[in-house]
Amino acid sequence: MVKFQNTPNFISFKGNKRYNFSIIRAYIENTNPIATFANKVIGSLPVVGLIARIVNDEGGVAGDIIDFAEFRRRVGNKCSVNDSRAFYEFQERRGKAGEPLHVLLCCWLAALGAGLLKSEEILEGVARLRLSNDIEFEEQTFIAKMRRAKMNAMAPRIPMELRVEKALDAIYVCCFGGDSIEEDDERLLITMLSAVFPTVQRPEIERMIKDKAKKVAEGIEMGNILWSLSHCQKKPYNYR
């Protein structure tokens, strides 16, 4: 059982079946330019920046890349019990490949990696995750790639809507692996993505998911699946 906080919440639903899970919270984009500037100034001061990093368990001080654990803490800020339930219902439907950590890793890659990572790199990584279940390896691999990309150039500003699309692409490769997207899947995807990306309008997320389901039904997505699975062999990566 995945735990996102120290104190679990016990929720009962679907008859007498009882679940032990923690409330998953929503990723929040920092849209306050003054706070962002102050954060960078604080992080640049040696002593103050060190203290800020110690007391700030959400990370992201002075433009640091938010790692997966920090991302999950941010996701914990706004999510409702209904949102959390959607993650675990999704796991029931999709099995091991659809567990909450897999969904959240896909969202983390899209939220933080858009503009720093190629779409092919993201799809290859989540296809590998589907087979290996090695979250730590994928996190370290992608953090190394994002850091290298940030050293070479400024990350472009990517609209949140495009990040949602990339998250949906990653979730489909990782959690569906070529299967059709049914109505119940659509409902759960809408809830999960709306929770993780609250600044994107829900009708827009609904449109993306229905469009994805239609493409899958028409066989248009099969090329991405076959490519991702053929390139997902786990290879050593130089993290330095």
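Every number here is computed from the coordinates shown, using simple stated rules; none is lab data. This structure is a prediction, so every number in the text was calculated from the model and none was measured. FYI the Cβ positions are ideal-geometry reconstructions off the backbone, even for glycines, and counts take in every protein chain you see.
Counting only residues at least eight positions apart within a chain, or on another chain, the aspartates and glutamates with an alpha carbon under 15 Å from that of K214 are E165, D169, D179, E182, E183, D184, D185, E186, E206.
Given 0.36 nm per residue, what is the gain on full extension from V81 to S119 after removing their alpha carbon distance, in nm?
Working: separation 38, 0.36 × 38 = 13.68 nm, distance 3.17 nm.
That pair, V81 and S119, stretches by 10.5 nm at full extension.
Listed values for the range 113-130 are Karplus-derived 3J(HN,Hα) couplings in whole Hz (6.51 cos²θ - 1.76 cosθ + 1.60, θ = phi - 60°), namely x, 4, x, 9, 10, 6, 4, 5, 5, 5, 5, 5, x, 6, 5, 5, 4, 4, and x replaces Gly and Pro. Descending by average beta-carbon neighbour count within 10 Å, the peptides 96-102, 78-84 line up as 96-102, 78-84, the highest first.
In summary, the range 99-200 shows an alpha-carbon radius of gyration equal to 1.05 times the 2.2 N^0.38 Å reference for compact globular proteins.
In terms of Cα to Cα distance under 12 Å, which aspartates and glutamates are near enough to K166, apart from those fewer than 8 places away along the same chain? Filter leaves E120, E121.
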